[in-house]
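The values are calculated or read from the model by the stated rules, or taken from the named source; none is laboratory data. None of these values were measured; they are calculated from a predicted model. Cβ placement follows ideal geometry from the backbone for every residue including glycine, while neighbour counts extend to all protein chains displayed. The accessibility values were calculated without ligands, DNA or RNA, using every heavy atom of the protein model including side chains. Shrake-Rupley method; radii C 1.70, N 1.55, O 1.52, S 1.80 Å.
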Amino acid sequence: MARGYDEAKDRKSKVSLFGKNLVRRSKSTCELCGETGQKLNIFEVGKIEVEPDFDRCIHICDTCMDTIERLKKADENDLRFLNHAIWSEENIVKATAIDLIKQIQGRYSWIDDLLDMVYMDEELEKIIEKIEQK
């Protein structure tokens with residue numbers, strides 16, 4: 001039991017080292033909804049690998065974290081942050097938004113419209129494929 005605890009603690013420590021770079025990249029705003037002045041969390045996108053990867057991490061607020069954790073039960077207004085995230089210049093943020101949209105596709109027409117509007121280049125498609133391999 002101690003071994004698993006130590007591994008989890010070590011992994012959490014490695015992920016927390018990304019914090020400074022994520023603050024710079026996000027400019028201290030939630031990368032999904034754009035809120036400022038909120039406590040931000042490091043969220044690892046997709047399947048959790050043995051070694052943490054900065055390129056698969058985003059900086060998000062508690063509200064977005066809560067919405068992601070209860071995505072299937074979220075109501076329409078809880079999902080409005082996707083309007084912001086889908087236009088991000090950061091591919092990992094855009095890929096996260098696309099993955100979330102795909103998970104709830106068909107629930108609201110405006111969500112389906114978002115997916116139709118976004119341009120996906122090869123690099124973005126590869127990131128989305130990695131995320132979907134949960």
* To do: Inspect all residues belonging to the range 77-94 and state whether any of them is buried (at least 18 other Cβ atoms within 10 Å of the Cβ), out of contact with any Gly (no Cβ under 8 Å at 6 or more places or on another chain), among the charged types (D, E, K, R) and part of a loop (DSSP other than H, G, I, E, B).
  => no
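Against the condition open to solvent by 50 Å² or more (accessible area, probe 1.4 Å), assigned to a helix (DSSP H, G or I) and either farther than 14 Å from A97 by Cα or not aliphatic (A, V, I, L, M) (or both), how does T67 come out, does it pass? Even if it seems obvious, please write down each step before you answer.
Numbers: open to solvent by 50 Å² or more (accessible area, probe 1.4 Å): no; assigned to a helix (DSSP H, G or I): yes; either farther than 14 Å from A97 by Cα or not aliphatic (A, V, I, L, M) (or both): yes.
Against the criterion (open to solvent by 50 Å² or more (accessible area, probe 1.4 Å), assigned to a helix (DSSP H, G or I) and either farther than 14 Å from A97 by Cα or not aliphatic (A, V, I, L, M) (or both)), T67 does not qualify.
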* Residues that are modelled with pLDDT under 95 and either touching a Lys or Arg at 6+ places or on another chain (Cβ under 7 Å) or more than 13 Å from I128 (Cα to Cα) (or both), drawn from the range 90-112 -> I104, Q105, G106, R107, Y108, S109, W110, I111, D112
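Of all residues in the range 45-64, count the ones that are surrounded by fewer than 18 Cβ atoms within 10 Å (Cβ to Cβ), more than 14 Å from K94 (Cα to Cα) and under 14 Å from the mean Cα position of the chain (by Cα). Explain how you work it out, then say what you get.
Initial filter on the range 45-64 (surrounded by fewer than 18 Cβ atoms within 10 Å (Cβ to Cβ)): 47-51, 53-55, 62-63.
In the following step, the residues that additionally are more than 14 Å from K94 (Cα to Cα) were identified as 47-51, 53-54, 62-63.
Filter once more, so that each one left must be under 14 Å from the mean Cα position of the chain (by Cα): 47-48, 53-54, 62-63.
Final tally of qualifying residues: 6.
Do we have any residue at all in the range 110-133 that's part of a loop (DSSP other than H, G, I, E, B) and under 11 Å from L32 (Cα atoms)? First the steps, then the outcome.
Start the filter on the range 110-133 by keeping residues that are part of a loop (DSSP other than H, G, I, E, B), which leaves 118-121, 133.
Next cut, under 11 Å from L32 (Cα atoms) only: none.
No, the range 110-133 contains no residue that is part of a loop (DSSP other than H, G, I, E, B) and under 11 Å from L32 (Cα atoms).
Which of the residues belonging to the range 11-44 are in a loop (DSSP other than H, G, I, E, B), open to solvent by less than 40 Å² (accessible area, probe 1.4 Å) and among the hydrophobic types (A, V, I, L, M, F, W, C)?
If we filter the range 11-44 for residues that are in a loop (DSSP other than H, G, I, E, B), which is where we start, we get 17-18, 27-28, 30-35, 37-39.
Now drop any that are not open to solvent by less than 40 Å² (accessible area, probe 1.4 Å), which leaves 18, 30-34.
Listed by number, the residues that qualify are F18, C30, L32, C33.
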* Structure fact -> Checked the range 77-112 for anything touching a strand residue (DSSP E or B) at 6+ places or on another chain (Cβ under 7 Å) and either free of Cβ contacts under 8 Å to residues at least 60 places away in the same chain or not polar (S, T, N, Q) (or both); matches are I92, V93
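From C57, C61, grab the single residue that is modelled with pLDDT under 95 and under 18 Å from K27 (Cβ atoms).
On the way: C61 fails: modelled with pLDDT under 95.
C57 is the lone residue from the list that is modelled with pLDDT under 95 and under 18 Å from K27 (Cβ atoms).
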* Does L115 meet the test of being modelled with pLDDT under 90, surrounded by 13 or more Cβ atoms within 10 Å (Cβ to Cβ) and of a type in the set (A, V, I, L, M, F, W, C)? -> yes
